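> The following block contains the structure, expressed as structure tokens.
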Amino acid sequence: MGETRVTVQATIRGYLTAFVDLLGISNRLEALDRGALDGELDPALKHQIALIIFALDQFRKAFSKFYTALVPLTAMDLAASLAPGAATPEVVQFLQSIAPPAPLIHTFTDTVVVSVHLEGAKIASMYSALYRLVMGCAAASWTMLGFGIPVRGGISLGYGLVLDSGEVIGAGLVRAHRLEAKFAHVPRIVVDPRLLTDFQPRNVKPDAPVAERYSKAIWEETLGLLTRDARDGQVFVDFLGPKAFELATNGTGKIGSTDMIGAIDRAISERIPAPVRGESEDQWRVRSKWEWLDAYWKRNRALIMAHKNDGQVNQ
């Protein structure tokens, strides 16, 4: 037999990667085997499949909307939070120069993979990309919850390369998938501890270059979108936390005309299965995931309401 030679013509780069699993989708897709009749789908099943396709598209749109449009710090924010400084031409020019790397988003079956190229020479761009990736995942998690589809996953980083198909393979994807499989037993997107260690800014002095000061500020903003689970110590995207709620609703508590506190209340309470005698292991797993979401939301709901009431009192 002749020797097979494979040539990879690609540059190995660093990537942030989010591996996200849309819960319950695989079971619905398996119903295709049971619902197909002579190549045709039962109308009810056809409707379910259409909803799945629509939900996947909405995940992509929600992520992209926040990733590309979100500006964590304006020039004035930077001037106010980073001493010494003011909104100098240098600062304004710097902020205008930061363009987030375009995310590569791929879906297959019930999984969404988001990869963001990190440019090591542009430190501030790296921190901006991390912030946007985390907020994009939070926004997409919100959106899926509205469809009754909780999500879980992992976020990591590592070297990889882009295939001709546009997909990214590499260490970051492997680690993100491993986090999802090992630690995301409930609907949460777990963040790699290695990522948190590697991104931690080191000794940023008040008179440091603007890129370093900006990176530190963005890092602190990113930490505001994360929380630690007291049960197992895992850090995950705090998608129903006060910070994400404020950003997603632009501080109004609403998206469009919809009151989001009431919407989240209904999205969760209407879908928690009641315990049944002799429930199967699969039924128990589904119920436990929704019960975890309910407890997680209630804790954050109290914080959001307290903040809202404080704001009304201070007005």
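The values are calculated or read from the model by the stated rules, or taken from the named source; none is laboratory data. Predicted model only: the values in this text are computed from it and were never measured. Cβ: placed from backbone, ideal geometry, glycine included. Neighbour counts: every protein chain shown.
> Take the residues in segment 3-37 that are in contact with a helix residue (DSSP H, G or I) (Cβ under 9 Å, 6 or more places away or on another chain) and assigned to a helix (DSSP H, G or I); name whichever of them is modelled with the lowest pLDDT. Spell out the reasoning first.
Taking segment 3-37 first, the residues in contact with a helix residue (DSSP H, G or I) (Cβ under 9 Å, 6 or more places away or on another chain) are 14-25, 27-29, 31-32, 34-36.
Narrowing further to those that are assigned to a helix (DSSP H, G or I): 25, 27-29, 31-32, 34-35.
Numbers: ILE25: 75, ASN27: 71, ARG28: 69, LEU29: 70, ALA31: 65, LEU32: 64, ARG34: 61, GLY35: 57.
Applying the filter and picking the extreme gives GLY35.
> A further question on this structure: Of the residues ARG213, ARG285, which single one is in the same structural domain as TYR131 (by TED's automatic domain parsing), at pLDDT below 90 and over 15 Å from the mean Cα position of the chain (by Cα)? Show your work before the answer.
Values: ARG285 fails: in the same structural domain as TYR131 (by TED's automatic domain parsing).
Only one candidate qualifies: ARG213.
> Considering only segment 209-237, state which residues are among the acidic types (Asp, Glu) and either in contact with a Ser or Thr (Cβ under 6 Å, 6 or more places away or on another chain) or free of Cβ contacts under 8 Å to residues at least 12 places away in the same chain (or both). Explain how you work it out, then say what you get.
The first filter runs over segment 209-237 and keeps only residues among the acidic types (Asp, Glu), leaving 212, 220-221, 229, 232.
Residue satisfying the conditions is GLU220 alone.
> So, one more: Can you name the residue in segment 300-315 that is assigned to a helix (DSSP H, G or I) and surrounded by fewer than 12 Cβ atoms within 10 Å (Cβ to Cβ) and is also modelled with the lowest pLDDT among such residues? So that I can check it myself, show each step before the final result.
Initial filter on segment 300-315 (assigned to a helix (DSSP H, G or I)): 300-314.
Subset that is surrounded by fewer than 12 Cβ atoms within 10 Å (Cβ to Cβ): 302, 306, 309-314.
On the way: ALA302: 94, ALA306: 88, ASN309: 69, ASP310: 66, GLY311: 57, GLN312: 49, VAL313: 38, ASN314: 42.
My answer is VAL313.
> Considering only segment 271-281, state which residues are of a type outside the set (A, V, I, L, M) and either in contact (Cβ under 8 Å) with a residue 24 or more places away in the chain or surrounded by 11 or more Cβ atoms within 10 Å (Cβ to Cβ) (or both). Let's see the steps before the verdict.
Taking segment 271-281 as the starting set, the residues that turn out to be of a type outside the set (A, V, I, L, M) are 271, 273, 275, 277-281.
Once the filter is applied, which keeps residues that are of a type outside the set (A, V, I, L, M) and either in contact (Cβ under 8 Å) with a residue 24 or more places away in the chain or surrounded by 11 or more Cβ atoms within 10 Å (Cβ to Cβ) (or both), segment 271-281 yields ARG271, PRO273, GLU279.
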